[in-house]
Amino acid sequence: MTPLVEFRQVEFAYGGPPRPGPAAFAIRDLSLVVETGEIFGLIGPNASGKTTVIRLLSKVIAPARGEILLDGEGLGQLSRAAVATRVAVVPQDVPQGFPHAVEDLVLMGRFPHAPGRLFESAQDLDHARQAMEETGVLALARERLDRLSGGERQRVMLARAIAQRPRLLVLDEPTAHLDLRYQAECVGLLRRLNRWAGLGIVLVSHDLNMAAEVCDRLLLLDRGAAISTGPPGAVLTEAALEAVYGCPVLVDKHPRSGRPTVQIAWPAV
């Protein structure tokens, strides 16, 4: 079966090709595969390359070397609009000061499917309504986005991505602005989309415990390089995490799921 996403020895550096030496950040010789219907997690410290991978995958930037495939097609041969019909990105930074209604923003997710059209179709409106219902923001459809809380705006952004009806959903810290209840609801929604709709998901998160609980496989990045890839239990080891994050950690198992849980080994006072 053709992978949903494949990076083949991808390299990228801001400002030009990767250069030898530790001073400049660069993605170096990165290879990864995201299978159809998989939840794939990207984890790692700040400046490890997670956001750069998202930008490469959504064709905001192009690799200096190597190849990125989407459904077996070279990303370089696809237009931005073609990529946007297959890949939807939920950014970490939720827009503020947006003086339009929630429904208007969610409908923007339909734009890649007919970029020359001036008005939404009945199908567009139906997809937007379904997306708002799935994310719990349908009652806010006519509210202005700039009057919502950070958590509500985050769910609206997720609704826009779902309305896009992509093959791959890419989420950058999707629970960062959510309280515990909405974190649980967000995780439940992602699982439903993955299992029932067959949607592939790439999840970028600093929350190692949430990533371990949700993801089928994880990729641990550090300074633009892949350190480890595999099931959460194989990637989230004390030795690997301490080497990458530079602090002592304790890795245990969740009493219900059996998935790994990570805690900082706080120094004694």
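The values are calculated or read from the model by the stated rules, or taken from the named source; none is laboratory data. Source: prediction; values computed, not measured. Glycine also receives a Cβ, built like all others from the backbone with ideal geometry; neighbour counts cover every protein chain displayed.
Here are some notes:
- Sole residue being at pLDDT below 90 and under 18 Å from residue 204 (Cα atoms), chosen from 167, 155, 147, 117: 155
- Of residues in the stretch 184-220 being within 17 Å of residue 30 (Cα to Cα) and out of contact with any helix residue (DSSP H, G or I) (no Cβ under 6 Å at 6 or more places or on another chain), the one surrounded by the fewest Cβ atoms within 10 Å (Cβ to Cβ): 217
- Of all residues in the stretch 133-153, those satisfying the criterion of being buried (at least 19 other Cβ atoms within 10 Å of the Cβ) and in contact with an Asp or Glu (Cβ under 9 Å, 6 or more places away or on another chain) are 135, 137, 140, 145, 152, 153.
- From the list 123, 130, the lone residue that is among the polar types (S, T, N, Q), in contact with a Lys or Arg (Cβ under 9 Å, 6 or more places away or on another chain) and surrounded by fewer than 17 Cβ atoms within 10 Å (Cβ to Cβ) is 123.
- Every pair of residues 6+ apart whose Cβ atoms lie under 6 Å, when the first sits in the stretch 169-182 and is in contact (Cβ under 8 Å) with a residue 60 or more places away in the chain and over 12 Å from residue 91 (Cβ atoms) while the second is in a strand (DSSP E or B) and not basic (Lys, Arg): 169/88; 169/201
- Per the conditions (1) within 24 Å of residue 186 (Cβ to Cβ); (2) touching a helix residue (DSSP H, G or I) at 6+ places or on another chain (Cβ under 6 Å), the sole criterion not satisfied by residue 81 is (1).
- Those residues of the stretch 101-114 which are modelled with pLDDT under 85 and touching a strand residue (DSSP E or B) at 6+ places or on another chain (Cβ under 8 Å), in sequence order: none
- Sole residue being surrounded by fewer than 19 Cβ atoms within 10 Å (Cβ to Cβ), farther than 30 Å from residue 123 by Cβ, of a type in the set (Gly, Ala, Ser) and within 16 Å of the chain's Cα centre (by Cα), chosen from 225, 243, 176, 234: 176
- Scope the stretch 105-154; condition acidic (Asp, Glu), within 25 Å of residue 82 (Cα to Cα) and not in a helix (DSSP H, G or I); matching residues: 120
- Check on residue 187, of a type in the set (Val, Ile, Thr), under 15 Å from the mean Cα position of the chain (by Cα) and not in a helix (DSSP H, G or I): no
- Counting only strands (runs of 3 or more DSSP E) that sit wholly inside the stretch 211-269, those with at least 3 residues that are more than 30 Å from residue 199 (Cβ to Cβ) and modelled with pLDDT of 95 or more are 249-253.
- Screening the stretch 65-76 for residues that are at pLDDT below 95 and either in a loop (DSSP other than H, G, I, E, B) or touching a helix residue (DSSP H, G or I) at 6+ places or on another chain (Cβ under 6 Å) (or both) and picking the one that is nearest to residue 92 (Cα to Cα) gives 71.
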